[in-house]
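Structure record follows, encoded as structure tokens.
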């Protein structure tokens, strides 16, 4: 497949423009939990397009555009009406409205006089006409679709720029917005109008599937990566643009790289296959989102899994230290490695924790006469262990004093809390129990060795 | 030049596609048009009596499908899973396309399996994404819907270039092609619908439990996850067999709309399930019959429009939750409130000037913020019901009117006193509150108020300083 800037350049531009316009308003849809409104609107505008076509009997852009915007806003309005007066849940109400309007559009297409031989087919609605835009620009002309997309992009930037503050408050706290005198419902419908306009202008070029994808996916991707609205919008625009560019490149070359060859008879030679650009853009956007879901530093699955693992390791390590300390109290200064692992449980996590403790110099491993590995606390290990056991026993004393728990029920909760009690909290507990040197079972509470604390 | 050639190759299938889409939207009636010269009535008769084999298959298939979708949709609707069905149906496309790519030919059975596999994957993806922080359910649905469908369309565009010419056939899954339903398809739908209905009957209690109180169900030891899985499985089954008939964009309507319509008529799950099944079946039957009779009517879309009509009628006409009933209730209340305001105004005047006083209507009008039309309506009503005597300029209470008026005034005063004594509200602020509640105080409540306030007199005196009142 040959890449020709005079064609592919326009396609890229159209893709980037529509993707970015959608992503811009999409941020507010996602934040307001209205993501599916874009889906509903882009399906529901079909009858608007067809009616405009029937009335004007032409495929002129403007009447179709107006018709579609009207039906788009009508979708939002009807959903609201059904939700409020029919007491139907919002999602279901949306489903009712858009599926019925879409069905109505399908019937109209078949019934419309002359619609049969005009290319007003639902196919365009799904996939758009990227190739046609490229063709229209072939030879240096400026495609109308690009002009439309530029206008819509400018309108979107203007809308978000002018009403940034209002949109932000409405997105996060509509009640606050109302109490500040910002008409939340006016903002809602203004947003719906912008979504409808963007949707329609974009799907003429790239199809409804890409519109839905771009309204939702880049915004969610950005939301996983950013905490501030400004940053979120910026990142969503980048995600949208990257999806558009990568989508087109992959659509052009991806199947070829996989070795897929077309076998259309009308061509003398076989050439690599190409995929539908707009569909591929949606797929790339999905892949970007998946990456964010996995790798986002704060909310990513991997990051959280790592944090959970690190915490679990720390807890198991502290359990090991506590166990060795209690052994020392009973006069056993060396304990068998296998026995410790058996007592602590979670064998592979204990092994990992043991290795870490050894690495940190908190315990020594020595070979016992029997040939087994024995564990012994180092000086530093002992201080750490004192802290853990101290937390445990102080917490037991505290619970026994204040919570009215039987003595044999104290160990389990203390075992959980001991890992989260800071030295400051220990001090407070010490002040709040009758005897800070003994726990309810009569065992001594180790003193807190502040000066030697090493929290590495 | 090669590029231009290539372009032609790309555009050529696009034209084929359009014709394919036209076919996909085909209809039974259209096929008969012009071939058989039958009158409209004849057509209707033939469609209703199911004489033609094709019509019979389509009508029975869509009716059964509608019933099954309505029943299983009820549970999905109540579990607020309605739009999940949309994600599910869109997520079937890559499965259908993949099955075609792997097999290299169109085999309905395997494509249905493929559809089910990616459909379930889509549902799982939604459920998984929902657990990622900051991803809300609606966003998760939108993401799965668009990305899976996009992946399906990528595969479709590749299939299109494989040159088998079968791609248009695959497209019927997107828009549905009920008119092309074969006997086998109808059997598939019939058997699936049977499975769905039997499961719903057998598991009715379990489904009801997790529809309304999932945490209670799990606390009672029910395997909530398993029941949920079964329910989703039934939704998947219905969706997948429905794809051929109504298409993946509209199949969600068969799940949601009959259930939402049925919700208007009853508060009991059993009745709602039956009603949704009946609505679904009715839509399926009506839709396929209409499209058999009239030319150029895509069956799937007409069926969905029928569900839409049923929904609209339910929403407007339902006696309890309907919009019309609500409007009538509100109008009646507004009328009663206006009547009682008039009566109370007269009662207060009589209280200060003695019974039987004639009052200038203009004076009465000024006592409340009545519009001119509203005032004359309320006066007219009062006279028709024999509460007041009036000659157009002056009026007074009749005996019946006086009894009623005194009761309204009593309610008003009692509530005012109650607010002052127990809610600690300043006397100057109680009038408005009492104004709103006086109309809906029941007889029993009035008795209780009397006892609580130890107020024995018929009409308690006004708590307001003389002259400040009403």
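Every number in this text was worked out from the coordinates using simple rules, so none of it is lab data. Everything quoted here is computed from the prediction, not taken from an experiment. FYI the Cβ positions are ideal-geometry reconstructions off the backbone, even for glycines, and counts take in every protein chain you see.
Tabulated results
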item	result
Spin-label pair residue A:56/residue A:172, simplified geometry with 7 Å Cα→Cβ offset, distance in nm	4.2
FRET efficiency for residue B:369 and residue A:151, using Cβ-Cβ distance with R0 set to 45 Å, rounded to 0.05	0.35
Semi-axis lengths (Å, descending) of the ellipsoid that matches the C-alpha gyration tensor of chain A	65, 29, 18
Rounded tilt (10° steps) of A:46-56 against the dominant C-alpha axis of chain A	20
Rel. contact order, % - alpha carbon contacts under 8 angstrom, at least six apart, segment A:304-377	34
Rg(Cα) / (2.2 N^0.38 Å) computed for segment A:341-394, rounded to two decimals	1.23
Structure-based [θ]222 nm, chain A - -39500 (n - 2.57) summed over DSSP H runs of at least 4, per residue, nearest 500	-23500 deg cm²/dmol
Spacing of the two label points (7 Å from each Cα toward its C-beta) at residue A:290 and residue B:107, in nm	2.7
R0 of 56 Å, Cβ-Cβ distance residue B:426-residue A:33: FRET efficiency to nearest 0.05	0.85
Shielding by partners - mean other protein chain Cβ count within 10 Å, residues of A:221-228	2
Shielding score for B:293-301, defined as the mean number of other chain Cβ atoms within 10 Å	4
Highest to lowest packing among B:46-59, A:405-418, B:74-87, scored as the average C-beta count within 10 Å	B:74-87, B:46-59, A:405-418
In degrees, nearest ten, helix A:5-31 long axis to first principal axis of chain A (Cα)	60
Tensor-based shape of segment B:2-321 (alpha-carbon gyration tensor, a/c under 1.5 rounded, otherwise prolate or oblate)	oblate
Sorted peptide list for A:144-154, B:416-426, A:209-219, A:44-54, criterion being average Cβ within 10 angstrom, highest first	A:209-219, A:44-54, A:144-154, B:416-426
Global form of the protein assembly as shown, assessed from the alpha-carbon gyration tensor, a/c cut-off 1.5	oblate
Percentage relative contact order, segment A:318-422, counting C-alpha pairs under 8 Å, at least six apart	27
Gyration tensor (alpha-carbon) shape descriptor, segment A:5-241, a/c threshold 1.5	oblate
Cα Rg, Dmax, segment A:381-452, angstrom units	11.1, 35
Exposure proxy order (Cβ contacts within 10 Å, fewest to most) of B:436, A:166	B:436, A:166
Contact order normalised by residue count of chain B, Cα under 8 Å, 6+ apart, percent	19
Average partner coverage of A:275-281, which counts Cβ from other chains inside 10 Å	6
Per-residue [θ]222 nm for chain B (sum of -39500 (n - 2.57) over DSSP H runs n ≥ 4, rounded to 500)	-25000 deg cm²/dmol
Cβ-based exposure ranking for A:39, B:389, in which fewest neighbours within 10 Å come first	B:389, A:39
Cβ-Cβ FRET estimate between residue A:355 and residue B:269, R0 fixed at 60 Å, reported to 0.05	0.55
Residues A:73, A:88 arranged by fewest to most Cβ contacts within 10 Å	A:73, A:88
For segment A:304-377: span of alpha carbons on each principal axis (Å, largest first)	42, 24, 22
Contour minus Cα-Cα distance for residue A:70 and residue A:158 (0.36 nm per residue)	29.6 nm
Degrees between helix A:423-432 axis and first principal axis of chain A (Cα, 0 to 90, nearest 10)	60
Residue A:338 paired with residue A:406, simple spin-label distance in nm, labels 7 Å along Cα-to-beta-carbon	3.7
